[in-house]
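S.K.: My questions will all concern the structure given below.
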Amino acid sequence: DAGVTQSPTHLIKTRGQQVTLRCSPKSGHDTVSWYQQALGQGPQFIFQYYEEEERQRGNFPDRFSGHQFPNYSSELNVNALLLGDSALYLCASSIRGFGSRQQYFGPGTRLTVT
Amino acid sequence: GEDVEQSLFLSVREGDSSVINCTYTDSSSTYLYWYKQEPGAGLQLLTYIFSNMDMKQDQRLTVLLNKKDKHLSLRIADTQTGDSAIYFCAESSTPISGGYNKLIFGAGTRLAVHP
């Protein structure tokens, strides 16, 4: 059973560019969340997708957007990159609904903005 | 507001017990979690506890919850060098009936295990 997978593993972009990160959830999971983890800090919630719609959003600007596909996979897009967007971006999957409270994380995509 | 705080560093001798502490502010928290992160890796869910429980034990791990003081701890028995990692406390206010479970994380406690 494959766990949560993310691509790419590492990415280097220039300030002002745009980036797309991808996530495939654990088998059987229908909800995908994205988190940003800056160096030396805990993960910060960006947003959560279920049934192809954004259901919750953290305190991130509109430059951060996402998408969920019918197969539950998801993309995170960041426009007009800033140096401060350099971080590890983590995807987590879970099952919405009563009884399941566990979010499983992927290995992350490390984004460096120069 | 929502806030989770942890001490930043803990050093223990191999074979001893480790206790990592966490405090949170959200009184509506329904679930509290412990995650482990090894260098260059994602987060591994270790255990979680429902807010109406006081204690949960899972092999070498014991979680204690003091809801009155909003204090959570993780005890690792017989700590091994492989336990060296960063441990994150997180809380969620997911409704009991289900819903969207946003996690609020602390900054992490770096556990160093030495011989």
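S.K.: Residue by residue through B:101-112, how many Cβ atoms from other chains fall within 10 Å of the Cβ on average?
M.R.: Values: counts 11, 11, 12, 5, 7, 3, 3, 5, 0, 1, 0, 0.
Partner Cβ neighbours, averaged per residue: 5.
S.K.: Collect residues whose amide H, placed 1.01 Å from N in the peptide plane, falls under 5 Å from the amide H of B:GLU14; neighbours closer than 5 in sequence don't count.
M.R.: Distant-sequence amide H within range of B:GLU14: B:HIS114.
S.K.: I'd like the mean, over residues of B:35-41, of how many other protein chain beta carbons sit within 10 Å of each residue's own Cβ. Walk me through the numbers on the way to the answer.
M.R.: Values: counts 4, 0, 7, 0, 0, 5, 5.
Taking the mean over all residues of the peptide, I get 3.
S.K.: Take every residue in peptide A:104-111, count the Cβ atoms of other chains within 10 Å of its Cβ, and give the average of those counts. Walk me through the numbers on the way to the answer.
M.R.: Numbers: counts 4, 8, 3, 4, 5, 0, 1, 0.
Partner Cβ neighbours, averaged per residue: 3.
S.K.: GluC sites (Glu not before Pro) within region A:13-80: which are DSSP loop residues with at most 13 other Cβ atoms inside 10 Å? Mind showing how you got there, number by number?
M.R.: Details: sites: A:GLU51, A:GLU52, A:GLU53, A:GLU54, A:GLU75; in loops: A:GLU51, A:GLU52.
Those that pass, being in a loop and sparsely packed, are A:GLU51, A:GLU52.
S.K.: Let me ask you something else. In whole Hz, what ³J(HN,Hα) sequence does region B:56-66 give by Karplus (6.51, -1.76, 1.60; θ = phi - 60°), x for Gly and Pro?
M.R.: 9, 10, 9, 6, 7, 9, 10, 10, 10, 10, 10
S.K.: Right, here's the next one. Excluding the sites themselves, what is the longest stretch of chain B that contains no trypsin sites (Lys or Arg not before Pro) in a DSSP loop with at most 15 other C-beta atoms within 10 Å? Don't skip to the end; give the middle numbers.
M.R.: Values: sites that count: B:ARG60, B:LYS67, B:LYS68.
Longest run free of exposed loop sites: B:1-59.
S.K.: I need the Debye-formula profile for chain B: one equal scatterer per C-alpha, no solvent, reported as log10 I(q)/I(0) at q = 0.20, 0.22 1/Å, two decimals.
M.R.: Debye curve over Cα of chain B, log10 I(q)/I(0) at q = 0.20, 0.22 Å⁻¹: -1.06, -1.25.
S.K.: In the neighborhood of A:LEU82, defined by Cβ-to-Cβ distances under 15 Å, what is the net charge if each Lys or Arg adds +1 and each Asp or Glu adds -1?
M.R.: Numbers: positive: A:LYS13, A:ARG15, A:ARG63; negative: A:ASP62, A:ASP85.
Here the charged neighbours net out to +1.
Read-outs: derived from the displayed coordinates by stated rules, not from any lab. No experiment lies behind these values; they were computed from the predicted model shown. Don't worry about glycine lacking a Cβ; one is built from the backbone with ideal geometry, like all the others, and counts go over all protein chains shown.
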